């Protein structure tokens, strides 16, 4: 993107559009099927009762192709999880699994301060930067989005989701 929108560029926006460079870049950052956006934060699923609460809510809000209604979350929805799930990477992955398995929605994640915490009993990661890198890799492996995207581009009011950038 930097080379496309460099502040000293002599090209006008119309020239970029004609070249299709910007259009092609932005089209790769779109998710046209998203109709609704939900946001969760501060799940703190390292506490057993909070994980049980989340599991119950996700099971009650799930649907399949034959029973899905507007009252539940499904494949045309986005869930933004805005941090503070857990300091433990395994618990973070378990939480993603509960949400993705039951809700079938597209998930974005923005880490909070709890995700950056280190466990003094563990040797790795050695610092919060390494831990955030490990979280980014976990998200990519699980299909949890951490990159920006325009959602609902077919809707009269499309929205940009701009989470953690890698």
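What follows is calculated from the coordinates using simple rules that are stated; it is not laboratory data. Everything numeric here is computed off the predicted structure, so don't read it as measured data. Neighbour counts are summed over all protein chains in view; Cβ atoms, including those assigned to glycine, are modelled from backbone coordinates with ideal geometry.
Contact order normalised by length for segment 32-161, with contacts defined as Cα pairs under 8 Å and 6 or more residues apart; what percent is it?
Values: 215 pairs, mean separation 33.9, N = 130.
Computed value for segment 32-161: 26 percent relative contact order.
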- prompt: Does segment 32-161 classify as rounded, prolate or oblate by the C-alpha gyration tensor (a ≥ b ≥ c root eigenvalues; a/c under 1.5 gives rounded; else a/b over b/c gives prolate, otherwise oblate)?
  reply: oblate
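In segment 32-161, what percentage of the DSSP-assigned beta bridges are antiparallel, given to the nearest 5? Intermediate results must be reported in sequence, preceding the final value.
Values: 3 of 14 bridges.
Around 20 percent antiparallel, to the nearest 5.
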- prompt: What full-extension length gain, to one decimal in nm, is calculated for residue 159 and residue 129 as 0.36 nm per residue of separation minus the Cα-Cα distance?
  reply: 7.9 nm
query: Between residue 119 and residue 39, what is the label-to-label distance in nm when each label sits 7 Å out along the Cα-to-Cβ direction?
result: 3.1
